[in-house]
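See below for the structure under consideration.
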Amino acid sequence: MINIVPAPKKTTFFQREYMYNGETVRTSLDVLLGEEEYILEVTAEDGITIIGGSERAVFYGECTLEQILKQGKNRIRAMKIEDEPKFAYRSFMIDCARHFFSLDELKAIVDTMAKLKFNKFHWHLTDDQGFRMQITSLPKLHQEGSVRSGSHFGRVKLNSKYEGYYTKEQMREMVRFCAERYIDIVPEIDIPGHATAMIHAYPELSCRGRKVPVETKQGIYKNILCAGSDTTYEYLYKILDEMCEVFPGEYFHIGGDEVPKEYWTHCSQCKNLMREYSLENYEQLQALMMNRVADYLERKGKKVICWNDALKGENLKNTFIAERWMDRKKHTLHWANDGRKVIMGDFYHTYFDYPYAMTPLKKVYDFSPYLKGMDIRGKESILGMECCVWTEYISTNAALEYMLFPRACAVAQTAWGYGREDYAYFTQAVKAFHPIFKQNRINAATPKEWNPLPLKRIGGTLKFLNNLR
C-alpha cells in the first residue's frame, strides 16, 4: 500500500518494482481526460509516465509522485494511479487583516497546500482591524486604514502601533507564485460590515460620516458602509477596479457576514433607497447593495461569492455563490436545493482558529459537505470546500501553521473525495506526508496533539474560552 494525501481515486499495483535514479519523468497531455484528471503509471520496463488533461493535472500527478518517492526511497512498486477530484473548488482562507503575514510566510503555506491539491487561496484582506492592500486611487485606505493603535485580542493586550499592508507589486508577486502552483487567489473585501478600517480612512462611507478608530479588539461592530449613499458605490467601484487589475482569477469574495444594521435604521439615504425599491426590511437592503456590487464585478467577468448571512433577505441574485459557515435558519440548504452554487466552510469543522481540543483532526475528517435534507440537486450544487483561519488570536506564523496542519490534510482528503471510509489509512498517509512539512519548514502539530483525550479536550476548550475575555 502507498500512503497519499489526498487518497487517489483508483490505484492498481503490479508485482515488479522500479528503481528511480533521477531520470526524467515522461509527461504528456490527453484532451480526453478532465481538466484535473491524471494517470500516473510506473512500470519496471518503461519507468514513470504522467498523462494529464491539462498542465494543472500533470502537476497533480507530480505531487502524487513526490509523496511516493519520499516513502519508497526511490524504489517504487509498479503501479497505475487513475485520479481526479470530486469537487472543483478546494480552498483555504487566511485572514491577514487581524494579523499581517509576510509573503515569505504565506508562500510556505501556499506551496504546502498546492502539494495537497488545493486550488484556491481565499485571501481575507480587509476587516475592522485593518485594511491590508494598496489602493492608489484612495490612498488613505492603506496609509491610515492599515494602522491600529494596539492589539487587544482576548488576554493579549499590546498597546504598541500595529500596521502592515501589501503593495500592488507584492500582491502581483503572490498571484504569480500561486499560479505557478495552479492555485488561484480569491481576494475578499468584506462589505458592508467589518468595514471599520475603511470608515476610519474615509468617514463619508458611513451613514453618520464620523471619524472612527481602527478597531483593536475582536468583535462585531456597528460602523458599516452606508447602503444608500452614491459615494459608497463610487468608492467601492474604484477599489474593485484596482483589485481586479491585480487579481485576474475568476472568483471574487465580497463578504456579507455579521452586519448589524442599527445605523441604517436612522439613515435617510438608506430609507430612501428602501422606499425606491419597495424593500420590506434591512436584510433586503443588504442584498440589494451586494447585488449592485456583484453586477459591477460580473461585468468584469467575475463569479461572486458571499458568506451565507447575505441570503437572509431572500432577494440575493441567483448568480451568487454562497459560502456556508454557520446557518441555523438553513438558507444555504434551500439555496443549494434550488440549484444555486454553495461552498462549504463549516464553522464547527473547518474553522482552524479554534484549538485541537475543540476541533480535533478526527472531527475535521468526519465532516461531510452534504447537509441533512439536501436532495440530489442540492448535492450537485456543492462547488467545493474551504478551511478557514481567522487570526484574532493568531499573531505568529508558527501558530498559523500549527493550526492549519495537518487539519488541512483532512479537508484536502474530503474535497478530493476518496478514501474517507478509512481513517487509519488517512493518519498513516499524513505521517508519510511529514517530510514535505519538514521540507517547507512547516510547524505542523504532532500526532499526539491531533486528537486530545476527553479530559484534555475539556481543559483545552476552557483555556481557549477563558482567553477570549
Please go through (1) closer than 18 Å to Trp390 by Cα; (2) of a type outside the set (Lys, Arg); (3) in contact with a Leu (Cβ under 6 Å, 6 or more places away or on another chain) for Leu205 and return the number of the only condition it doesn't satisfy.
(1)
Residues in segment 436-455 that are exposed (fewer than 14 other Cβ atoms within 10 Å of the Cβ), part of a helix (DSSP H, G or I) and in contact (Cβ under 8 Å) with a residue 24 or more places away in the chain total 0
Restricting attention to strands (runs of 3 or more DSSP E) lying wholly within segment 243-328, give those where 3 or more residues are acidic (Asp, Glu) and more than 23 Å from Trp390 (Cα to Cα).
none
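For segment 40-57, what are the residues that are of a type in the set (S, T, N, Q) and part of a strand (DSSP E or B)? So that I can check it myself, show each step before the final result.
First, pick out the residues of segment 40-57 that are of a type in the set (S, T, N, Q): 43, 49, 54.
Within segment 40-57, Thr43, Thr49 qualify.
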Within segment 398-417, identify whether any single residue is touching an Asp or Glu at 6+ places or on another chain (Cβ under 8 Å) and surrounded by fewer than 20 Cβ atoms within 10 Å (Cβ to Cβ), and answer yes or no.
no
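Just give me the residues in segment 346-366 being of a type in the set (Phe, Trp, Tyr) and either within 14 Å of Ala445 (Cβ to Cβ) or surrounded by 20 or more Cβ atoms within 10 Å (Cβ to Cβ) (or both), in sequence order.
If the condition is that a residue be of a type in the set (Phe, Trp, Tyr) and either within 14 Å of Ala445 (Cβ to Cβ) or surrounded by 20 or more Cβ atoms within 10 Å (Cβ to Cβ) (or both), then Tyr351, Phe352, Tyr354, Tyr356, Tyr365 are the ones that fit.
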Residues of segment 224-276 satisfying the condition of being within 30 Å of the chain's Cα centre (by Cα) and basic (Lys, Arg)
Lys238, Lys261
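Go through segment 14-38 and report how many residues are within 35 Å of the chain's Cα centre (by Cα) and in a strand (DSSP E or B). Reasoning before the result, please.
Just the residues of segment 14-38 that are within 35 Å of the chain's Cα centre (by Cα), to begin with: 24-38.
The next check asks that each one be in a strand (DSSP E or B); those that pass are 26-29, 38.
Summing the residues that are within 35 Å of the chain's Cα centre (by Cα) and in a strand (DSSP E or B) in segment 14-38 gives 5.
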Being touching a residue at least 12 places away in the same chain (Cβ under 8 Å) and either outside any helix (DSSP H, G or I) or under 21 Å from the mean Cα position of the chain (by Cα) (or both) is the filter here, so list the residues in segment 190-209 that pass it.
Asp190, Ile191, Pro192, Gly193, His194, Ala195, Tyr202, Ser206, Cys207, Arg208
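Would you point out which residue out of Arg56, Arg90, Arg98, Arg75 is under 24 Å from the mean Cα position of the chain (by Cα), farther than 30 Å from Asp128 by Cβ and among the basic types (Lys, Arg)?
None of the others qualify; the one that does is Arg56.
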Checking Lys70 against (1) part of a loop (DSSP other than H, G, I, E, B); (2) at pLDDT below 95, only one condition comes out false. Which one?
(1)
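The values are calculated or read from the model by the stated rules, or taken from the named source; none is laboratory data. This one's a predicted model, so the numbers in the text were calculated from it and none came from an experiment. Glycine also receives a Cβ, built like all others from the backbone with ideal geometry; neighbour counts cover every protein chain displayed.
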